[in-house]
Every structure is written in C-alpha cells, then in structure tokens.
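The values are calculated or read from the model by the stated rules, or taken from the named source; none is laboratory data. Because the structure is a prediction, the values reported are computed rather than measured. Glycine gets a Cβ as well: all are built from the backbone with ideal geometry, and neighbour counts include every protein chain shown.
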Amino acid sequence: MNYLKKNLLNIVLIMFMLFLPLISFGQTDTGTKPPTSDIGTQPPSSESLKLVNPIESKTLTQLIEKVLVGIVKLGMPIIVLAIIYSGFLFVAAQGNSEKLDEAKRSLIYTLIGAAILLGSWGLAQLITDTVKAL
C-alpha cells in the first residue's frame, strides 16, 4: 500500500500514456461511404488544384502591416500586465530602498518597451502612408 501512495502519480501517467493513444486514434463510423470514382485515371483539372493564401496579403507592405498588427495585439496586453506587476512591486517594497529601485527599474523598462512597440507601429504607419501617397 505504501508503494501505491509513493508512486500514484507515476502509475497514472503510465496508464494515460498507454491508453490515451487508443482513445485518440479511435474512429467512429459516420455512416457515409467513400465516393466511388476513378480518382487516378484522369489527371486533375487546374480548377481543382488551387493554392489558398492563408495570410491574404498581396504585397510585402500588406504582409509587414499584418505582422505588425499581430505584434501590437500581442504586445499591448503584455505591457498592461507588466505595468500592473510594476505597481505590485512598488506596493510590496514597503519603503525598502533596494526593492523600490527594482520596482522603478521594472517600470522604466516596461515604459521603454511600450514606447518601442508603439513607436514602431507609428513609424510603420508613417512609412506606409508616405509610400501610398507617392
């Protein structure tokens, strides 16, 4: 009994490793039969072989704009959380000068990162508008 208590987690993990593939690779019968056609006897037509662009950008500037939008959308919540964390560091410092210096440094680095993120977005918009005006 003592062996089971000590190794319960290992036993459970081994059971999942053994039985999870059996469950995940199991297939259900959908009741549909595969189409019976002569796939291989005729060459495929050009209409059936179309590549779809998942990014949906036609030019390099549109691609860069989409990448920057994604970075800004990911970066803004991180910046907000970092500012909140810096505030917690200020509260947790309770007058300790070393902890206050760490909290100030954390806030300054967060604000510098926010300025770089928003500055790059603004610079990219400025360049895009200038190129479009030409």
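Observations
- Residues satisfying the stated conditions in region 88-104, i.e. loosely packed, with under 11 Cβ neighbours inside 10 Å and either within 31 Å of the chain's Cα centre (by Cα) or in a helix (DSSP H, G or I) (or both): Val91, Ser97, Glu98
- Flag if Leu134 is surrounded by 10 or more Cβ atoms within 10 Å (Cβ to Cβ) and modelled with pLDDT of 75 or more: no
- Cβ separations smaller than 9 Å between residues 6+ apart or across chains give the following pairs from region 69-85 residues that are β-branched (Val, Ile, Thr) to residues that are assigned to a helix (DSSP H, G or I) and modelled with pLDDT under 90: Val69/Trp121; Ile71/Ser120; Ile71/Trp121; Val72/Ser120; Val72/Trp121.
- Within region 105-124, considering residues that are more than 15 Å from Ile78 (Cα to Cα) and surrounded by 12 or more Cβ atoms within 10 Å (Cβ to Cβ), the one modelled with the lowest pLDDT: Ala124
- The condition of being of a type in the set (D, E, K, R) and at pLDDT below 60 holds for only one of Lys33, Lys50, Lys66, that being Lys33.
- The number of residues in region 54-68 that are assigned to a helix (DSSP H, G or I) and either touching a residue at least 12 places away in the same chain (Cβ under 8 Å) or surrounded by fewer than 10 Cβ atoms within 10 Å (Cβ to Cβ) (or both) comes to 5.
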